[in-house]
Amino acid sequence: MRWLGQRESDNVDDRRGSGGGGLLVGGGIGSVVIAVIVMLLGGDPSQVLNQGSSSATQAPADPQADDQAAKFTKVILASTEDVWTQLFAGQNAQYRKPRLVLFRGATQSGCGTASESSGPFYCPGDQQLYIDLSFYDDLAQRFGAPGDAAMAYVVAHEVGHHVQKQLGIMDKVDELRQRLSQRDYNKVSVRLELQADFFAGVWANHAKNLQFDESDLEEALTAANAIGDDRLQQASQGRVVPDAFTHGTSAQRVYWFKKGFKTGDINQGDTFNSREDANLQ
């Protein structure tokens, strides 16, 4: 990826250095952390987040690298703004840009207190993205998914949830929460997450200025593979419980991101009605 020198989004609330202080979508996108484990076991991850309200802000080990990561994230956000504005215009619609909150340690969100244990997430309540920059280190060191493209996938996935919010998809899914059993709702949640992966792939296809190429695709796929429910459950509890899946298997996540990247067509991402990935293990 060629991101240096590209436009940075100014739609960013940088809360690094400040104190800590609903529904979380995509909160477990890359970390075997407490919130993810709770979610995969059918619990409420927001309870874990709210417990982090007393967390102190953590200083980065390398402030210069931290600033570089923040700059990178702003560039990726700017790229998603450009791509989705264009794609929505092609559908005679207007894309409303989400705001990104960068933090370290803990901060407040419209979905409760966000902490480092939550991982990156999108909050439908305030329509903002939240990223603790320390997560990028976890992505590379704990999950073996280093590289700019892997980091960009994280951002693009959360933006994908904002796209779902803009299209009314997320509201429809949320309405099902009260009508479905936890087991059945988990299946819907998986489809929501896989579509966000698909939208991330669509963005990568259209991010021509970043020159997202085949080697970048492999980095992004490595990240998608590392954070499937099956791998996270196996790592955290030593067994796989399909009924508790909320994000999809590694193979499914890879499949949908790759399809989005290869087609670049937003209309080919109906993960709710398609079962073309049903036999992936």
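The values are calculated or read from the model by the stated rules, or taken from the named source; none is laboratory data. Note that the structure is predicted; figures quoted are calculated from it, not measured. Positions of Cβ are backbone-derived with ideal geometry, glycine not excepted, and every protein chain shown enters the neighbour counts.
Within the range 79-114, the set of residues being over 21 Å from ASP67 (Cα atoms) and of a type in the set (Gly, Ala, Ser) comprises ALA89, GLY90, ALA93, SER109, GLY110, GLY112.
For GLN108, are the conditions met, namely being polar (S, T, N, Q), touching a His at 6+ places or on another chain (Cβ under 7 Å) and surrounded by fewer than 21 Cβ atoms within 10 Å (Cβ to Cβ)? No: the conditions fail for GLN108. Is the range 215-231 home to any residue that is in contact with a Lys or Arg (Cβ under 8 Å, 6 or more places away or on another chain), farther than 22 Å from GLN86 by Cα, not hydrophobic (A, V, I, L, M, F, W, C) and not in a helix (DSSP H, G or I)? Among the residues of the range 215-231, at least one is in contact with a Lys or Arg (Cβ under 8 Å, 6 or more places away or on another chain), farther than 22 Å from GLN86 by Cα, not hydrophobic (A, V, I, L, M, F, W, C) and not in a helix (DSSP H, G or I), which makes the answer yes. Considering ASP171, ASP126, ASP132, ASP184, the condition of being farther than 20 Å from ARG7 by Cα, among the charged types (D, E, K, R) and surrounded by 22 or more Cβ atoms within 10 Å (Cβ to Cβ) is satisfied by ASP132 alone. Kindly indicate the residue of the range 249-281 that is surrounded by 13 or more Cβ atoms within 10 Å (Cβ to Cβ) and of a type in the set (S, T, N, Q) and also nearest to ASP213 (Cα to Cα) among those meeting that condition. Among residues in the range 249-281 that are surrounded by 13 or more Cβ atoms within 10 Å (Cβ to Cβ) and of a type in the set (S, T, N, Q), the one nearest to ASP213 (Cα to Cα) is THR263. Condition check for SER18 on (1) farther than 21 Å from VAL190 by Cβ; (2) modelled with pLDDT of 50 or more; (3) buried (at least 17 other Cβ atoms within 10 Å of the Cβ): one failure, at (3).
When GLU8, GLU81, GLU116 are checked against the criterion of being modelled with pLDDT of 65 or more, of a type outside the set (Lys, Arg) and within 18 Å of VAL163 (Cβ to Cβ), GLU81 stands alone in meeting it. Pairs are defined by a Cβ separation below 6 Å, a sequence spacing of at least 6 or placement on different chains, a first member in the range 75-103 that is in a strand (DSSP E or B), and a second member that is of a type in the set (Val, Ile, Thr) and surrounded by fewer than 21 Cβ atoms within 10 Å (Cβ to Cβ); the pairs so defined are LEU100/VAL12. Looking at the range 191-231, which of its residues are farther than 18 Å from PRO146 by Cα and of a type in the set (Phe, Trp, Tyr)? Correct list: PHE198, PHE199, TRP203.
What's the total number of residues in the range 73-107 that are in contact with a strand residue (DSSP E or B) (Cβ under 9 Å, 6 or more places away or on another chain) and on the phi > 0 side of the Ramachandran plot?
In the first step, residues of the range 73-107 are kept if they are in contact with a strand residue (DSSP E or B) (Cβ under 9 Å, 6 or more places away or on another chain); the result is 73-74, 77, 98-107.
Those still in the list that are on the phi > 0 side of the Ramachandran plot too: 105.
The qualifying residues number 1.
Here are some conditions: (1) surrounded by fewer than 19 Cβ atoms within 10 Å (Cβ to Cβ); (2) more than 27 Å from ASP270 (Cα to Cα); (3) not β-branched (Val, Ile, Thr). PHE143 meets all but one. Which one does it not meet? For PHE143, the exception is condition (1).
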